[in-house]
Structure formats: C-alpha cells, structure tokens
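Input: a single structure, listed below in structure tokens.
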Amino acid sequence: TTSPIVTGGSVVAVKFRGGVVLACDTMLSYGGTLKFKDVCRIEQLEPDLFVAASGEYSDFMEVVRVLRNKSRESFLHADGVTLSHRDYGNFLRNLQYSKRNKFDPYYDTFVLAGVRGGQPFISTVDMYGDQFEQDSALTGLGKYFGTPLINNQWNPDCSEEQAIQAVGEVFKMLYLRDCKGHDQVDFLILREAGVERRRARVNGEWNHDMFRTHANEKRKR
Amino acid sequence: SRLLQLRGRSRRAAPPPERATCAATRGTMDRSHGEWRSAEVSTGTTIIAVRYNGGVVIGSDSRASMGGTYVSSRVINKVVQVSDKIFCCMSGSLADAQAVTNAVIHQLNFHSMQMGELPLVLSAASVMRDFCYKYRDELSAGFIVAGWDCKKGPQVFQVSLGGTVLEQEFTIGGSGGTYIYGYADAKFRSGMTREQCLTFTTNALSLAMDRDNVSGGVIHLAIVTEAGVERQLIPGNKLPVFHRI
C-alpha cells in the first residue's frame, strides 16, 4: 500500500513490574470519516503474545494472517521448538524491510507485546523495517503527545495501576488533540499468570474557562 | 508499472482529452461541456444494509453516471445476488465492481458445490476481500456483503476499498452514504422489527438520493431471512418525501 484507506489510530504499550499493558482505541477511519467506532484492534498470536498496529487496517489483518501461519508452521514441525517473542519481531522486521525495498510496504507500525518466563517484551516495527525492542512503545500521534507524559509518570518497574494510569493519560490527551482520536479504549494487561482485557471510556476536559469566555463573546468594536 | 503505483489513487487521473468541441463552446469557460463523454462509468451510489431481528434488509439506488454529469443508466440494480441467501451491493467504478462481483459469484458457486451446502456470509465476504486486497492498486470499488446463513443467522459485512472487512449491525456505503451518516446514527436502533427496518432503509436511501447528484432513480431492496429472499422496488415517484426547502 502506498496510500492508506481504512486506518487505525495510535497504539501505546508499556512494561510494568512483571507484565505489559497494550492499549489502543476502538476506531477505524475511512479517510476523513470516523467510520467504524467499535473495533478491537488487538490481535492474538500466541497465548502470551499480542499485536496491534496503527495504519492501514487491511495490511494489519494480512500481516496477522502471515504471522499466525508462521506460528502454525512452527507448531506443525512438532519438534518441540517454539518461536520466541524476539523471533516474531525479527521476522516482522525482515518482512517489512523486504516489502519496503519493493516499494510496496505494509503501511503499518506494529507493536508486539508479550510476557514469557516472567519477562515482559515489547517490540515496535515500522513500515520501513525499523525495529526497536524497548520498555515502551507509542505510535502515531501518541508518540508526540504521549512520550513526555510517559516519561514523567511511568518507569518500567512501576506497579500495574501506575502503568494503566499513565497509558490512560496518553489516550485522554489523544482524545483532546488528535482529530482522529476516540474516547473508547481497549486495554490488554499481560501478566505471567494470564491476560486481562478491559474496555474503558476516557473523559474529555470541558471545564476550561476559555469555553465559557468564547461562548459569551461580544464582538469587539 | 511500479512508478504508476507509487502515485497511488491518482492513476485514473485525467480522462483523455475530448475529441471535438463545437464552435459555440470553444473558448468559453465552460469546462464541463464534453468531459463526461470520455469519463469512465461510475456507480457513484448509495448502498445500505441493515440487520434486524430475523433478517437483513439490503438496499441501493439505481443510477450509473459518467463524470458526475450524465446519467448513463437509470435502471441498474446494484444489489446483486451472489448466492441463494447472500447479496452484495456495489459502489465505485462500475466496471471494477461488476468484474469482482462476477468473480465472487463464480468462486462462491464452486465453493458451495465442494462443501455441498450453502456458503456462509463470512465466506462470501472473505472471497470478496481476497479480490479487493490482492488487486487493491488496480481496483476502485467498495462493497457491502449481507445475507443469512444457518450458522450465525443474518449478517452484514462492509468490504471497503482496500480490502478491509468488518462486520457491522448496519452499514452505509457509496458516495451518497456521506449525506446520511447523521440520519443513520440518529435513527438506527438495535433489534428493530422488519417494518421498522424497511422504513429506516427506505428513508435513508431517499434522503441520500435527494442530495447526491450521482445517486437517484428507484430504490432496489432485498430482504433476506431464514425463509428466503424477497425483492422490492420503490419507484421514484413513491419515495418518502421530506421537507422541501
């Protein structure tokens, strides 16, 4: 894809002590129209590995199909060897880079998130084939609005509540300042023990004085 | 070629220059005079499908246009039957939409012969998606796939321009769809009765056809339930009429 059509918004993932939070809003846009409001954009690859992406949604579904095939292929070898989380990240990086070199990228920035052996894992791969394995991942406008918020309110060793709180703040900021921001957000909380899904609505900010001053504005002469 | 693909959507940029302009219009500022003659046929359309308690109602207008100016056909039915209990609505370039629809009908027919039973609505949507995604750089068509199957009952799927498939309770498409997002958002209710659903669909189509230059004509409807398929036609003079300003 060189010009995306149906697109998804920002994805945010952060590590906390013993796990990962992966979150994205539930909306897909069709150009400028905010068309699909109730879509879960997080897909499962393994019981302990999930992927989300911002960008062209049909390419995301295609890549999920490819990744699931890889997983199935590995399973069918029946040799006791399983793909590690890092393997998925590396494969995705190679895939994206080779597509980019043919001028036909999968027009997405992917975020892989998982927990295995108590170790949280986050990897980002963009449409050029850049891969980063880091403690946090923010894509789209979330990268610009959210990075300072995250840096101030979170660290990779914090508690689960603090991590969720910080991620929620990013989505609230996106709802206020991203044209294609949506107030309904899906949270996926991955821990060694298991996976929890939550869906929440962020609140807007309607108490700003400027709303009232502008509402009662008189024309200046 | 790759270079053309890089320009994305604009590969259908300008229509070829018009062959002859009559002396009276030469040198005038009127540029819309002849362009439609060499424009491609589009279904510039309004399509809608709504799921209700017990079935789906699928509807479309009946206009095909060229260059947003000339109505090349005022009788086409964009609600096409692809299987016994599955319909699909076409929008976008008429040529592309017809080509893909015919391919889907063929493939679904083969699939249901292999399986020995009627195909699932999801299968139809999947087949549609495969074409739309694989040839996304060449095609310019969007679809709605809706119908009834024995596994999950009535379903509506939107297969958008690039091949995204999403199941919805109701969905609107085509150029006329833009004019009725507000109406649809305000008036849609989950779990309507068949009559309420028909009213909703007919009103929505009528409002869109009244405002979109490339939608118009009659309303073609198909109602699919477990019992079977019923088709309806609402002629242009029997459409619901709203305030006229």
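Taken together, B:ALA146, B:ALA204, B:ALA124 contain a single residue that is farther than 15 Å from B:SER60 by Cβ and aliphatic (A, V, I, L, M), which is B:ALA124. Among the residues making up region A:55-82, a single one is open to solvent by 40 Å² or more (accessible area, probe 1.4 Å), modelled with pLDDT of 95 or more, among the aliphatic types (A, V, I, L, M) and closer than 22 Å to A:GLY117 by Cα: A:ALA78. Considering only region A:144-169, state which residues are touching a helix residue (DSSP H, G or I) at 6+ places or on another chain (Cβ under 6 Å), open to solvent by 50 Å² or more (accessible area, probe 1.4 Å) and under 21 Å from A:ALA53 (Cβ atoms). Matches in region A:144-169: A:PHE145 only.
The criterion of at least 3 residues that are under 14 Å from the mean Cα position of the chain (by Cα) is met by the following strands (runs of 3 or more DSSP E) wholly inside region A:116-187: A:119-125, A:136-138.
For residues in region A:1-46 being within 11 Å of chain B (Cβ to nearest Cβ) and aliphatic (A, V, I, L, M), which is farthest from B:TYR179 (Cα to Cα)? Of everything passing the filter in region A:1-46, A:VAL39 is farthest from B:TYR179 (Cα to Cα).
Residues that are open to solvent by 50 Å² or more (accessible area, probe 1.4 Å) and outside any strand (DSSP E or B) within region B:50-66 comprise B:ASN53, B:ARG63, listed in sequence order.
Would you mind telling me which numbered condition in (1) more than 17 Å from the chain's Cα centre (by Cα); (2) over 20 Å from B:ALA208 (Cβ atoms); (3) open to solvent by 20 Å² or more (accessible area, probe 1.4 Å); (4) not β-branched (Val, Ile, Thr) B:ASN102 fails? Among (1) more than 17 Å from the chain's Cα centre (by Cα); (2) over 20 Å from B:ALA208 (Cβ atoms); (3) open to solvent by 20 Å² or more (accessible area, probe 1.4 Å); (4) not β-branched (Val, Ile, Thr), the lone unmet condition for B:ASN102 is (1).
Here the condition is being of a type in the set (Lys, Arg), surrounded by fewer than 16 Cβ atoms within 10 Å (Cβ to Cβ), modelled with pLDDT under 95 and part of a helix (DSSP H, G or I); of A:ARG221, A:ARG212, it holds for A:ARG212 alone. Restricting the first member to region B:152-180 and to residues that are more than 20 Å from A:VAL63 (Cα to Cα) and of a type in the set (Ser, Thr, Tyr), and the second to residues that are open to solvent by 30 Å² or more (accessible area, probe 1.4 Å) and part of a loop (DSSP other than H, G, I, E, B), the beta-carbon pairs closer than 9 Å and six or more apart or on different chains are B:SER175/B:ASN213. Cβ-Cβ contacts under 6 Å between residues 6 or more apart (or on different chains), taken from a first residue in region A:134-151 that is touching a residue at least 24 places away in the same chain (Cβ under 8 Å) and within 15 Å of A:LYS180 (Cα to Cα) to a second residue that is crowded, with 18+ Cβ neighbours inside 10 Å and of a type in the set (D, E, K, R), are listed as A:LEU141/A:ASP178. Does A:ALA52 fit the bill of being part of a loop (DSSP other than H, G, I, E, B), at pLDDT 95 or above and either open to solvent by less than 40 Å² (accessible area, probe 1.4 Å) or farther than 24 Å from A:ARG201 by Cβ (or both)? Answer is no for this residue. Would you mind stating whether B:GLY176 is in a helix (DSSP H, G or I), over 17 Å from the mean Cα position of the chain (by Cα) and among the small types (Gly, Ala, Ser)? Here the answer is no, as B:GLY176 does not meet what is asked.
Taking the criterion of being in contact with a Phe, Trp or Tyr (Cβ under 7 Å, 6 or more places away or on another chain) and open to solvent by 30 Å² or more (accessible area, probe 1.4 Å), the residues of region A:95-143 that qualify are A:LYS99, A:ARG100, A:MET127. Whether a residue is within 14 Å of chain A (Cβ to nearest Cβ), over 20 Å from B:ARG129 (Cα atoms), modelled with pLDDT under 65 and open to solvent by less than 70 Å² (accessible area, probe 1.4 Å) was assessed, and B:SER10 passes this test.
The values are calculated or read from the model by the stated rules, or taken from the named source; none is laboratory data. All figures in this text were calculated on a predicted structure; none of them were measured in a lab. Cβ coordinates were reconstructed from backbone atoms using ideal geometry, including for glycine residues, and neighbour counts include every protein chain displayed. The protein model used for the area step is the full one, side chains on, heavy atoms only, and it has no ligands, DNA or RNA in it. Shrake-Rupley method; radii C 1.70, N 1.55, O 1.52, S 1.80 Å.
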